[in-house]
Amino acid sequence: MLASEPPEPQPARLPTRAELVRRPLPVTVLEGTSVTGFPESMPELDVRLVQALKEAALPGMALAIAQGGRLVAMRGYGTLASGSPVALEPTLPAMLCSLCKPLTAQAFLLLAQENKLTLEDRADRWIATDPRITLRQLLTHRSGLAAKFLDTSHAATEAEHVKKALTEPLAFTPGERFLYSNVGYQVLGRILATVTSQRPDQFIQKRLLDPLGIRSYFVATYLTPADQVRYDSGGAYVLTPHRYDRETRRHTPVRDRATRLAKEALGSSDTCGAGCMSAVDFLHFLCSITPAQRQRIRKHASEPDGYGLGWMLKDGGLAHTGIGSGETHYALTRESGVSYVCFLPSSNDAACEKILARVQSLVLRLRQSPEIPWL
């Protein structure tokens, strides 16, 4: 009787995204810099990015990369904050700043698909504003509303803040030209609340993020005062923003972000800036955009390289920046299947632009890596 042949070794099962975001990630040290993430070693990427961060004197970076809608790498470089011993992880939430706008726009695309509204509906159907302004104009920054709130006086709620902003004169006739408007997206937030009878963040979580298994999302200005203090003090693990001082050339951790925003109004900037999420989860959201939605986003842009429904049309795909007083973020998804999200906890604009250019060059040249299903 012939001895049975030993079974062929089976390849190790790759961990799912859900498993990765729930467990501690491996940490290595490269040139004195913590490198955290999966796969454990990506020398083609790590050596160059650690060198670039050192040259730019940036405190760290979170990076998540996908190919064909599947996660291939998640990296954290540096530590949670300057002087902190805690390694920066790509699973830590950060304030998204203007990366909130694609979430808001995606909520309206969903409502349009469900025939709850159309993008050509007038905004004054739900809120007291100029009757010429449509939802599409708000979503594409062509409404004529101001770029920022002109009235900085205190309002008890975001709805009151928006109501005051809508008393200001328009910058131009609606539809006439483009003006990037935070006010416009805050108006969309109040419309979203009226249409859905929910807070915008609650609708976004339930309808957009829960189906994807995303749990890292929250809006900093809806936190309790005690949790806002934990967020700002570093007691809660989040990606800490850093202000850059040009004279001293040093970064200082921002310790007043959530509490300062909360003083403006309850829920302030919920649909245009104060939402928080991890880099790897935002990448997951990015990869959930369907081909039909991509086509619709492009269709509603006024120019081939303009601004579609919540997205900039640039770098060969849909892109968006998120810039605050202590962070610079970028997200890109190309029709070719490459997508990435990069969070930089720094307000050093020039240095961040150089790092983002280096990241994009490296990501687009990466060899095919083992893929992890989005589960």
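Can you give me the number of residues within region 202-211 that are open to solvent by 20 Å² or more (accessible area, probe 1.4 Å), touching a residue at least 12 places away in the same chain (Cβ under 8 Å) and either polar (S, T, N, Q) or within 18 Å of Ala94 (Cβ to Cβ) (or both)? Residues that pass the stated criteria total 1. Residues in region 115-159 that are acidic (Asp, Glu) and either open to solvent by 60 Å² or more (accessible area, probe 1.4 Å) or over 25 Å from Gln205 (Cβ atoms) (or both): Glu120, Asp124, Asp130, Asp151. The set of residues in region 284-293 that are assigned to a helix (DSSP H, G or I), of a type in the set (A, V, I, L, M, F, W, C) and in contact (Cβ under 8 Å) with a residue 12 or more places away in the chain comprises Phe285, Leu286, Cys287. Would you check which residues across region 207-221 are of a type in the set (Lys, Arg) and modelled with pLDDT under 95 and list them? Selection gives Arg215 alone.
Apart from one condition, Thr196 fits all of (1) within 17 Å of the chain's Cα centre (by Cα); (2) farther than 20 Å from Thr333 by Cα; the exception is (1).
Could you check how many residues of region 289-312 are of a type in the set (Gly, Ala, Ser) and either touching an Asp or Glu at 6+ places or on another chain (Cβ under 6 Å) or open to solvent by 40 Å² or more (accessible area, probe 1.4 Å) (or both)?
The number of residues fulfilling the criteria is 2.
Please indicate, with yes or no, whether at least one residue in region 321-341 is under 20 Å from Arg136 (Cβ atoms) and open to solvent by less than 20 Å² (accessible area, probe 1.4 Å).
no
Which of the residues that make up region 241-268 are at pLDDT 90 or above, of a type in the set (Ser, Thr, Tyr) and buried (at least 20 other Cβ atoms within 10 Å of the Cβ)? The answer is Tyr244, and nothing else. Selection of region 128-155 for residues being of a type in the set (A, V, I, L, M), out of contact with any Ser or Thr (no Cβ under 7 Å at 6 or more places or on another chain) and assigned to a loop (DSSP other than H, G, I, E, B) yields Ala128, Leu150, Ala155. Residues in region 99-157 that are of a type in the set (Phe, Trp, Tyr) and more than 21 Å from the chain's Cα centre (by Cα): Trp126, Phe149. If I filter region 65-82 for residues that are in contact with a helix residue (DSSP H, G or I) (Cβ under 8 Å, 6 or more places away or on another chain), open to solvent by less than 20 Å² (accessible area, probe 1.4 Å) and on the phi > 0 side of the Ramachandran plot, do I get at least one hit? Yes: region 65-82 contains one or more residues that are in contact with a helix residue (DSSP H, G or I) (Cβ under 8 Å, 6 or more places away or on another chain), open to solvent by less than 20 Å² (accessible area, probe 1.4 Å) and on the phi > 0 side of the Ramachandran plot. The single condition from (1) outside any strand (DSSP E or B); (2) under 25 Å from Ala18 (Cα atoms) that Arg296 fails is (2).
The values are calculated or read from the model by the stated rules, or taken from the named source; none is laboratory data. Computed from a predicted model, the values in this text were never measured in an experiment. All Cβ positions, glycine included, derive from the backbone under ideal geometry; neighbour counts span all protein chains shown. For accessibility, only protein heavy atoms count, side chains too; no ligands or nucleic acids. Shrake-Rupley method; radii C 1.70, N 1.55, O 1.52, S 1.80 Å.
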